[in-house]
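Q: Mind looking over this structure? Questions follow.
The values are calculated or read from the model by the stated rules, or taken from the named source; none is laboratory data. On a predicted model such as this, the values are computed, not experimentally measured, just so you know. Methodologically, a virtual Cβ is constructed for each residue, glycine included, from the backbone with ideal geometry; neighbour enumeration extends over all protein chains shown. Just so you know, the surface numbers come from the protein's heavy atoms only, side chains and all, with ligands and any DNA or RNA stripped out. Shrake-Rupley method; radii C 1.70, N 1.55, O 1.52, S 1.80 Å.
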Amino acid sequence: MIYTCTLNPSIDFIVHINDFKMGDLNKISKEMKYPGGKGINVARVLKRLGIKSKALGFVGGFTGEFIEDYLHSEEIDFDFIKVNGDSRINIKLKTDVETEINGLGPSISSEQLSEMLEKIKSLSSEDVLVLAGSIPVSLPEDIYVKMAEICRQNDVKVIVDASGKTLLKTLEFKPFLLKPNHHELGELFDVEITTPEEAVPYGKKLVELGAENVIVSLAGKGALLINKDMVLHANVPSGIVENSVGAGDSVVAGFIGTYMNDRDLKEAFKMGVASGSATAFSPDLCTREQVYTLRKQIEVVER
Ligand SMILES: Nc1ncnc2c1ncn2[C@@H]1O[C@H](COP(=O)(O)OP(=O)(O)O)[C@@H](O)[C@H]1O
Ligand SMILES: O=P(O)(O)OC[C@H]1O[C@](O)(COP(=O)(O)O)[C@@H](O)[C@@H]1O
């Protein structure tokens, strides 16, 4: 089973405003509300690809109810721990540029954290755990490292979509997949990465430091899959980006959902990129049909 863990879920409030003016009254031209947070996005895309998963995390308040009701309506299995405060609202403001205003989220008690760790301890070598998204300020900043250590002890595959020191600290426990975008990869090594060629040596460093597989996404410039045996490059299909929120999570979902079915890294990589682009070209997340259509446009070559 694929489990996702979203420590700080959100309602993603997507807001389109024409001629936005700070300090003025602005009228929303289009708005959408979706359950969000990186792990929840992964769970939603897996469902669309016909792959079962279970969403773990902390939810609270009326916003937490919205998240649970929405996932229930999409027949996505979840086992959230209830907390007192309200799950956060993340505003995705679309004007001539895309601006994100992400909420703080509710406090999580040490008892609630212990309850989450007990759930993680119950996973087995048949399972995958996706750790994705920011860590609430009320939790230890190395919580992903603790979870990765528990998973290592139980031979559970771990996927980490995080940034900075958090990502580097999980390497000791040999994560199955890391999925930084090229900006996040550059920040890890204090360099600027703008092309796939520039990304390769740094993706290889993450493999040397312990990651089994690294996918480096470069938005419209393609993506790389790097492990100890190979470097693969995929082009991305051309299209009009409507809403890139969740695109990175879709790469994770398409990859792991495919890999757990047929253990074919190259096919899994192709499906990951197709899922990412299909989401980028959609107002919400990708549909199965879009993914399979775009998959045909993707060429994966060994570097
Ligand atoms: N301009 C684009 N054209 C086509 N696909 C895109 C574009 N931007 C993003 N994507 C798709 O979304 C995936 C993730 O995008 P990226 O911006 O690299 O990561 P993140 O969303 O994690 O920051 C890419 O690998 C690609 O499949
Ligand atoms: O666009 P991405 O990186 O795939 O993730 C989008 C998700 O991440 C969020 O922006 C939250 O990010 P953080 O968990 O890093 O705060 C959600 O609002 C959104 O659903």
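Q: If you go through the stretch 207-242 one residue at a time, how many are open to solvent by 10 Å² or more (accessible area, probe 1.4 Å), of a type in the set (A, V, I, L, M) and away from ligand 1 (no atom under 13 Å from the Cβ)?
A: Of the residues in the stretch 207-242, 4 are open to solvent by 10 Å² or more (accessible area, probe 1.4 Å), of a type in the set (A, V, I, L, M) and away from ligand 1 (no atom under 13 Å from the Cβ).
Q: Name the single residue, out of those in the stretch 95-115 being within 21 Å of the chain's Cα centre (by Cα) and among the acidic types (Asp, Glu), that is farthest from Asn84 (Cα to Cα).
A: Once the filter is applied, the top-ranked residue is Glu98.
Q: Here's another thing I want to ask about it. Of all residues in the stretch 13-58 being open to solvent by 50 Å² or more (accessible area, probe 1.4 Å) and among the small types (Gly, Ala, Ser), which is farthest from the chain's Cα centre (by Cα)?
A: Gly23
Q: Taking Gly61, is it surrounded by 23 or more Cβ atoms within 10 Å (Cβ to Cβ) and not aliphatic (A, V, I, L, M)?
A: no
Q: If you scan the stretch 200-251, which residues turn out to be polar (S, T, N, Q) and in a helix (DSSP H, G or I)?
A: Ser250
Q: Working only within the stretch 162-195, note down all residues that are within 18 Å of Val252 (Cβ to Cβ) and either open to solvent by 40 Å² or more (accessible area, probe 1.4 Å) or without any contact (Cβ under 8 Å) to a residue 24 or more places away in the chain (or both).
A: Answer for the stretch 162-195, where residues must be within 18 Å of Val252 (Cβ to Cβ) and either open to solvent by 40 Å² or more (accessible area, probe 1.4 Å) or without any contact (Cβ under 8 Å) to a residue 24 or more places away in the chain (or both): Ser163, Leu167, Lys174, Asn181, His183, Glu184.
Q: Working only within the stretch 256-283, note down all residues that are farther than 19 Å from Val156 by Cα, away from ligand 1 (no atom under 14 Å from the Cβ) and either among the hydrophobic types (A, V, I, L, M, F, W, C) or free of Cβ contacts under 8 Å to residues at least 60 places away in the same chain (or both).
A: Of everything in the stretch 256-283, those that are farther than 19 Å from Val156 by Cα, away from ligand 1 (no atom under 14 Å from the Cβ) and either among the hydrophobic types (A, V, I, L, M, F, W, C) or free of Cβ contacts under 8 Å to residues at least 60 places away in the same chain (or both) turn out to be Lys266, Glu267.
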